[in-house]
Amino acid sequence: ISYDIETNAEPTFSNKFEVVGFSMASRGNKGSYTVIKSLDYEMPKKDVLLVKSRIRKLLTEKNCVLTYNCLYELPGTLNWANVEIEHVFDVFVMVKLMVGDSAKYIGGRGLKAQCSLHLGYKDWSKDLDIYLDAIQDLKHKKSIVVKTLLKYYDKADVVKLMQMLERKIQDDPDCISRDVVSYGLAPYKLIGKYGGIDAEVLFPLYDYYEDQINKMSAEMNIDLHKGLDYWMKHHLAAYVLERNGAYWDEQEAQKVSAWCRNIAQESLAYLIAS
């Protein structure tokens, strides 16, 4: 299965952290988004417990769970559903290995960029993206938000939704100032239309990069699968360290990055040449 968790964009081990929904797919053309919280809906607590119970069973019994950016999804799932995903494969690691510029493809934006570039998903979540972008500047873009909502709700409901949205932003102004705006601020119908595709696309994206890895491995006469394996282990190790209280040191990371750019690349060039 493939699996993609959606949260309120708080740090994954924070007390403020909440899951607002998740998408799952069993193949590249069939997926669903489960709404835990949205602008106009909140799942009853009893049902949330049942969902957590079922998701624990699914994530621990499957031989492989495709995710996108496990450094976010693994701690998020552990914090929320108290479950470790043991057999995880991170498609984001494939993207980083093949593209080489991880900063360009951070989080969901990266997933959408890759699927648009290589798989032809041009309009996937277009209205949702317009809505989430516009609510970050609601004072000047209120008409855009209203126009988008009118595609899914009648006028009376849109008035109520706008009141809910303004109240949420008033209560927590930081909710719209983060790099990633939570799906929990979007209304139910808008997420339901697109959310399941977040998981569906992981199958064709995995297949695309698998083909690229095989092709480039043959062209360069090196085994990129081995590099992928090392990089995945690095991600999982980073997750375990963070889970146990060790956090990223940006200053040290920059030193390692500089070493990789200079010494490591030069050494690799000599190795290939020989």
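The values are calculated or read from the model by the stated rules, or taken from the named source; none is laboratory data. This is a predicted model, so every value here is computed, not measured. Every residue, glycine among them, receives a Cβ derived from its backbone with ideal geometry; neighbour counts consider all protein chains shown. Each accessible area value is taken on the protein alone, full model and side chains, heavy atoms only, with ligands, DNA and RNA left out. Shrake-Rupley method; radii C 1.70, N 1.55, O 1.52, S 1.80 Å.
How far, in degrees from 0 to 90, does helix 138-149 lean away from the longest principal axis of the Cα atoms of the chain, to the nearest 10? Relative to the chain, helix 138-149 is tipped by roughly 80 degrees. Each DSSP beta bridge with both residues in region 22-155 is either parallel or antiparallel, and the antiparallel ones are about 70%.
Between helix 107-119 and the chain there is an angle of about 70 degrees, using the helix long axis and the longest principal axis of the Cα atoms.
Using C-alpha pairs below 8 Å separated by at least 6 residues, the relative contact order for the chain is 27 percent. Here the peptides 178-184, 263-269, 26-32 are ranked by packing, the mean other Cβ count within 10 Å, and the order with the highest first is 178-184, 26-32, 263-269.
In terms of its C-alpha gyration tensor, region 206-274 comes out oblate, because a/c is 1.5 or above while a/b does not outweigh b/c. If you wrap the tightest convex hull around every Cα atom of region 130-266 and split its volume per residue, you get 196 Å³.
Surface composition of the chain: carbon plus sulfur atoms hold 53% of the accessible area, using a 1.4 angstrom probe and ignoring ligands, DNA and RNA. Comparing the chain with the 2.2 N^0.38 Å rule of thumb, its C-alpha radius of gyration ratio is 1.09 (two decimals).
Of the chymotrypsin sites (Phe, Trp or Tyr not before Pro) found in region 1-34, the ones in coil according to DSSP and having at most 15 other Cβ atoms within 10 Å of their Cβ are 13. Counting only DSSP H runs of at least 4 residues, each contributing -39500 (n - 2.57), and dividing by the residue count of the chain, the helix-based mean residue ellipticity at 222 nm comes to -18000 deg cm²/dmol. Once divided by 2.2 N^0.38 Å, the Cα radius of gyration of region 58-179 becomes 1.33.
The angle between the Cα long axis of helix 250-259 and the main principal axis of the chain comes to about 40°, on a 0 to 90 degree scale. Only lysines eight or more places from residue 126 in sequence, or on another chain, were considered; those with a Cα closer than 22 Å are 30, 37, 104, 112, 139, 141, 142, 147, 151, 155, 189, 193. So if we plug the beta-carbon distance of residue 48 and residue 262 into 1/(1 + (r/R0)^6) with R0 = 30 Å, what FRET efficiency do we get, rounded to 0.05? Efficiency, from the Cβ-Cβ distance: 0.05. Look at the dipole of region 200-251 built from charges on Cβ: of 213, 232, 201, the Cα furthest out on the positive end belongs to 232. The relative contact order of region 46-90 comes to 47 percent, based on Cα pairs under 8 Å that sit 6 or more residues apart.
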